[in-house]
Structure formats: structure tokens, C-alpha cells
Amino acid sequence: MHRIIKEKLPRHIAVIMDGNGRWAKKNTLKRVLGHEKGADSVRTVVKTCRELGVQYLTLFAFSIENWQRPKSEIRALTLLLEKYLRTELQEMKDNGIRLITIGDSGRLPKTVRDALFRAIEETSENSGMILNLALSYGGRDEIVSAVKRVLKDSKSRDIDENTITKEFFSSYLYTANIPDPDLLIRTGEEHRLSNFLLWQLTYTELYFTDVLWPEFSRDDLIEAIMDYQRRERRFGLISDQLSKE
Ligand code: IPE
Ligand code: IPE
Ligand code: MG
């Protein structure tokens, strides 16, 4: 059993799943085996979030910068992603999970895109939990592409400097309609954002753990959520101004 306070559950959890390569190295295995083991952690985290009632789970699976990795590793990662999408589709359907994606997914190989769009399509009516995969995603790239689209729209729509509010701009990001993450978890020892959700993490609670992603367990997730629940989110105010529950 866990001692998570249901009323204070983070509505949106985002995860930087890092440390697959180091886990493989530690166990004298090839990096790809680290990624394969990491896929098991994905299953565990998705299942646990669904059980707990988390509404949005965003997983950073592949960054724009990751395209610069060796070709063989990119190939292994994309194949693994395709396999994950095919094998987990039924599970997602059975559990009311809706799959969405953020990032430049057009850069993914066609077979992966096909599996991705099929899973998105076939789960589009589900409302239990949104599983958001960040694929070929970069935070700065997202902001630049939003600016470009605003500019493009301004040719056909009435957009001037007064139109540009934070809400308006947010609606041009990949995450339009998705609330900002309440909790960001980064596994694997590093304390950085690596170009993830730069706009959206403004007031997110950050949680860093040394646990390498392939070893990240249900208990580790619960620990992260409990840590989050002990924090006071002030959003720039002082403690006395916050409504007490
Ligand atoms: C995270 O693990 C998975 C991806 C970035 C795709 P890494 O592959 O970055 O593992 P480390 O950081 O080398 O240990
Ligand atoms: C961040 O991990 C990207 C993903 C988890 C997909 P990286 O391993 O790419 O980040 P850096 O290179 O350590 O910053
Ligand atoms: Mg890494």
C-alpha cells in the first residue's frame, strides 16, 4: 500500500526517462538492451499512473538532439518504439488510455509513423488517461515553430500585438489543450532539462533521482509523488495567501 493523498495527486506528470545507456554499461550489456529494459519501466509507470488516476502522463522518449546519436542506436530506438506501439495498443484500449504525441514526428521512419498514427487514431475516444509521448521533441524548436505558425496565421487572420497573450501563444504550442505538468521527474543522475518543455515547466515541481530509468519502479514513482505532495506550491505568493485545505 502507499500513502498518496488522492486529493493532491499531480494532474500531469512529465518524465525525462534517462540512464538506459549507463544501466547497460553497468551490467556490461549493449546500450540497446538498456533501452529494451527501459521499455519495461515505461509499462510500469503507465500502468501505475493509470491506477492512481493521473490524468496526463508525458514521457520524453526521443529528443531532437537524439537524432545526432549513432545511426545504429537511432535505428534500435525507432524499432523499439514501433514494437512498443504495436504490443501496447490493446493494453491502452483495455485501460481507456488515449495516446497523443508532441514533437516533430514527421521525421520518424514511415513504419513508426504508421504505428504511431494507428495507435493515436484507435485510442482517440478514450478518456481514462492521456499518454503523451514526446518524440523528436525539442523545447526551443517547439517555441520557434509556434512563432512561425502565428506569423503564417497573421496573413489570413486578424492578429496584432494585442492578440498575443500567454494563452494565445500557448495555443500554438504542441501542448495546446494540455495543462502544464505539476511534477517533472528526471531519472538517471543528471540535473538538467535537456530542452524539454521549456515553456510549460515554468511552475512545475522538479524531482531528480539517481535511479537509472531501467530500474525505476512503481515504488520509485510513488516516492516521487509523495515528495511532490509534501511541497508547498506558492506560485510567487506568500504562504499565508494560499487557501488552506
Ligand atoms: C535515455 O537513456 C533514453 C534516450 C535518451 C532515448 P540514454 O540513452 O540517454 O542513457 P544514458 O544517458 O546514456 O545513460
Ligand atoms: C534526454 O536525455 C532525452 C530523453 C530522455 C529522451 P539525454 O540523455 O538525451 O540528455 P542529455 O544529453 O544527457 O542532456
Ligand atoms: Mg541520457
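The values are calculated or read from the model by the stated rules, or taken from the named source; none is laboratory data. Since this is a predicted model, take the numbers as computed values, not measurements. Here the Cβ is made from the backbone with ideal geometry for all residues, glycine too, and neighbour counts use every protein chain on show. Note: accessible area is taken over every heavy atom of the protein model, side chains too, but ligands, DNA and RNA are not part of it. Shrake-Rupley method; radii C 1.70, N 1.55, O 1.52, S 1.80 Å.
For this structure, a couple of remarks:
- Hits in the range 14-59 (condition: over 20 Å from residue 193 (Cβ atoms), within 16 Å of ligand 3 (Cβ to nearest atom) and among the basic types (Lys, Arg)): 25, 26, 30, 31, 37
- Applying the condition of being open to solvent by 80 Å² or more (accessible area, probe 1.4 Å) and assigned to a helix (DSSP H, G or I) to the range 1-21 and asking which residue is farthest from residue 83 (Cα to Cα) yields 7.
- The residues listed here are 96, 53, 106; of these, the one that is within 19 Å of residue 182 (Cβ to Cβ) and surrounded by fewer than 15 Cβ atoms within 10 Å (Cβ to Cβ) is 53.
- Every pair of residues 6+ apart whose Cβ atoms lie under 6 Å, when the first sits in the range 187-200 and is away from ligand 3 (no atom under 16 Å from the Cβ) while the second is in a loop (DSSP other than H, G, I, E, B) and open to solvent by 10 Å² or more (accessible area, probe 1.4 Å): 200/175; 200/180
- Answer residue from the range 60-84, given it is away from ligand 3 (no atom under 16 Å from the Cβ) and basic (Lys, Arg) and is nearest to the chain's Cα centre (by Cα) among those: 83
- Which listed residue is outside any loop (DSSP other than H, G, I, E, B) and open to solvent by less than 50 Å² (accessible area, probe 1.4 Å), from 222, 159: 222
- Residues that are open to solvent by less than 10 Å² (accessible area, probe 1.4 Å) and either under 16 Å from the mean Cα position of the chain (by Cα) or modelled with pLDDT under 95 (or both), drawn from the range 22-42: 38, 41
- Note on the range 170-203: residues that are over 30 Å from residue 153 (Cα atoms) and either open to solvent by less than 40 Å² (accessible area, probe 1.4 Å) or part of a strand (DSSP E or B) (or both) amount to 7.
- Looking only at residues in the range 125-156 that are acidic (Asp, Glu) and closer than 16 Å to residue 65 by Cα, the one that is most open to solvent (accessible area, probe 1.4 Å) is 141.
- Filter result for residue 45 (among the β-branched types (Val, Ile, Thr), open to solvent by less than 30 Å² (accessible area, probe 1.4 Å) and more than 16 Å from ligand 1 (Cβ to nearest atom)): no
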